[in-house]
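Each remark here refers to the structure printed beneath this line.
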Amino acid sequence: VLLRFKDSITALDGEKHDVIHRKAEVNAAVSAELFKMLEQEKIPTHFLRLKEATLMQVRRLRMIPVEVVCRNIAAGKLVKSYPFFKHGEKLKTPLVEFFLKDDKRHDPLLSEEHMIASGLASKEEVKKLKMITLKVNSVLRKFMLKRGLLLVDFKIEVGRDHRGTLRVGDELNIDSMRIWDKKTGEVKDKDIYRKGGRLDEVARTYYQSYKLILGRDFK
Ligand code: 5GP
């Protein structure tokens with residue numbers, strides 16, 4: 001399967017929409033780098049290779065229509081939903097959550113029981129999904145820390161390959177994770193856009209993230 005990355009950027013379940021010059025190249029390159037790293041750490045992904053700057057060749061997966069979120073620091077929906085999580089507070093343990101991919105219903109939270117009772121995943125798969133997600137967290141967290149960044153949270157999507165093996169699919173870049181500068185707390189991800197940042201600021205954040213994660217200038 002070939003995945004084409006786009007320059008479009010959306011937020012608020014698609015209500016807000018813009019275009020960021022060369023965002024597709026940044027996101028494809030960052031995703032490729034992070035998927036390669038996961039594969040090296042023996043985490044199965046759909047990644048095969050980057051065919052062109054914005055075109056990724058991947059294995060075909062039957063996707064589970066669920067967003068698997070892992071959080072290390074309280075932010076975003078967690079802070080909005082519950083009174084006992086304060087923005088920026090380190091969680092006592094990494095938290096894995098499942099959300100149904102359904103913009104019209106604003107991606108409702110799913111318990112493990114919802115996942116199993118609905119047939120979205122088997123009990124064994126739910127256990128594996130959590131294990132994969134925590135391993136991704138541990139690999140990404142260490143990687144980001146070496147680059148002076150805190151991995152606040154991220155979202156992955158997982159599917160089954162032709163053998164039924166669960167693999168991390170979709171994309172993995174600053175559209176789907178929160179990263180903050182360790183020293184200054186500065187936001188280095190898509191929240192700049194979600195929170196109404198100017199489009200030139202948003203673009204700068206994407207080019208910076210390329211440099212931070214790949215260790216070379218975006219040219
Ligand atoms: P929250 O649930 O706080 O909105 O988001 C938690 C994490 O999941 C953040 O890193 C955010 O970027 C990611 N995330 C949540 N929903 C989506 C989504 O629909 N698309 C993408 N790309 N990332 C998401």
In segment 60-77, which residues are of a type in the set (A, V, I, L, M, F, W, C), more than 17 Å from Leu134 (Cβ to Cβ) and within 11 Å of the ligand (Cβ to nearest atom)?
Ala74, Ala75
If you scan segment 174-207, which residues turn out to be of a type in the set (Val, Ile, Thr), in a strand (DSSP E or B) and within 25 Å of Glu41 (Cα to Cα)?
Ile179
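Within segment 167-178, does at least one residue satisfy the condition of being more than 18 Å from Ser31 (Cα to Cα) and away from the ligand (no atom under 14 Å from the Cβ)?
First, pick out the residues of segment 167-178 that are more than 18 Å from Ser31 (Cα to Cα): none.
No: segment 167-178 contains no residue that is more than 18 Å from Ser31 (Cα to Cα) and away from the ligand (no atom under 14 Å from the Cβ).
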Tell me which of these Glu25 doesn't satisfy, since it passes every other one: (1) in a strand (DSSP E or B); (2) of a type in the set (D, E, K, R); (3) more than 12 Å from the ligand (Cβ to nearest atom).
(1)
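Is it the case that some residue within segment 5-25 is of a type in the set (S, T, N, Q), surrounded by fewer than 19 Cβ atoms within 10 Å (Cβ to Cβ) and within 20 Å of Lys195 (Cβ to Cβ)? Steps first, answer last, please.
Step one: of segment 5-25, the residues of a type in the set (S, T, N, Q) are 8, 10.
When the remaining residues are screened for being surrounded by fewer than 19 Cβ atoms within 10 Å (Cβ to Cβ), the result is 8, 10.
This time we only want the ones that are within 20 Å of Lys195 (Cβ to Cβ), so: 8, 10.
Yes, segment 5-25 has at least one match.
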Test of understanding: among Lys183, Lys219, which residue is farther than 20 Å from Leu12 by Cα and at pLDDT below 95?
Lys219
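Quick one: would you say Tyr210 is in contact with a helix residue (DSSP H, G or I) (Cβ under 9 Å, 6 or more places away or on another chain), assigned to a helix (DSSP H, G or I), within 16 Å of the ligand (Cβ to nearest atom) and not β-branched (Val, Ile, Thr)?
Numbers: in contact with a helix residue (DSSP H, G or I) (Cβ under 9 Å, 6 or more places away or on another chain): yes; assigned to a helix (DSSP H, G or I): yes; within 16 Å of the ligand (Cβ to nearest atom): no; not β-branched (Val, Ile, Thr): yes.
So Tyr210 does not fit the description; no.
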Counting only residues in segment 118-148 that are more than 17 Å from Val168 (Cα to Cα) and within 15 Å of the chain's Cα centre (by Cα), the one farthest from the ligand (Cβ to nearest atom) is identified as Phe143
In segment 83-106, residue farthest from Val152 (Cα to Cα) [restricted to those that are within 10 Å of the ligand (Cβ to nearest atom) and without any contact (Cβ under 8 Å) to a residue 60 or more places away in the chain]:
Lys101
Looking at segment 45-57, which of the residues that are within 25 Å of His21 (Cβ to Cβ) and of a type in the set (A, V, I, L, M) is surrounded by the fewest Cβ atoms within 10 Å (Cβ to Cβ)?
Ala53
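Considering each of Val1, Val66 in turn, give the residue that is over 20 Å from Lys195 (Cα atoms), surrounded by 12 or more Cβ atoms within 10 Å (Cβ to Cβ) and not polar (S, T, N, Q). Before the answer, list the steps.
On the way: Val1 fails: surrounded by 12 or more Cβ atoms within 10 Å (Cβ to Cβ).
Only one candidate passes the filter, namely Val66.
Looking at Thr45, Thr54, can you tell me which residue is within 21 Å of Asp161 (Cα to Cα) and not hydrophobic (A, V, I, L, M, F, W, C)? Step through it out loud before you land on a result.
Working: Thr54 fails: within 21 Å of Asp161 (Cα to Cα).
Among Thr45, Thr54, only Thr45 is within 21 Å of Asp161 (Cα to Cα) and not hydrophobic (A, V, I, L, M, F, W, C).
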In segment 138-173, which residues are in contact (Cβ under 8 Å) with a residue 12 or more places away in the chain, in a helix (DSSP H, G or I) and under 13 Å from Met37 (Cβ atoms)?
Val139, Leu140, Arg141, Phe143, Met144
I'd like to verify a number: residues in segment 107-117 that are in a strand (DSSP E or B) and within 11 Å of the ligand (Cβ to nearest atom), how many?
1
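Being away from the ligand (no atom under 14 Å from the Cβ), at positive phi and not in a helix (DSSP H, G or I) is the requirement here; does Lys51 meet it?
On the way: away from the ligand (no atom under 14 Å from the Cβ): yes; at positive phi: no; not in a helix (DSSP H, G or I): yes.
For Lys51, the condition - away from the ligand (no atom under 14 Å from the Cβ), at positive phi and not in a helix (DSSP H, G or I) - is not met.
For Ile43, indicate whether it is under 22 Å from Phe99 (Cβ atoms), part of a strand (DSSP E or B) and either under 14 Å from the mean Cα position of the chain (by Cα) or among the β-branched types (Val, Ile, Thr) (or both). Please lay out each step first, then the result.
Working: under 22 Å from Phe99 (Cβ atoms): yes; part of a strand (DSSP E or B): no; either under 14 Å from the mean Cα position of the chain (by Cα) or among the β-branched types (Val, Ile, Thr) (or both): yes.
Considered against the rule, which asks whether it is under 22 Å from Phe99 (Cβ atoms), part of a strand (DSSP E or B) and either under 14 Å from the mean Cα position of the chain (by Cα) or among the β-branched types (Val, Ile, Thr) (or both), Ile43 comes out as no.
The values are calculated or read from the model by the stated rules, or taken from the named source; none is laboratory data. Being a predicted model, the structure only gives us computed values, none of them experimental. A quick note on method: Cβ atoms are made from the backbone with ideal geometry, for glycine too, and the neighbour counts reach across all protein chains shown.
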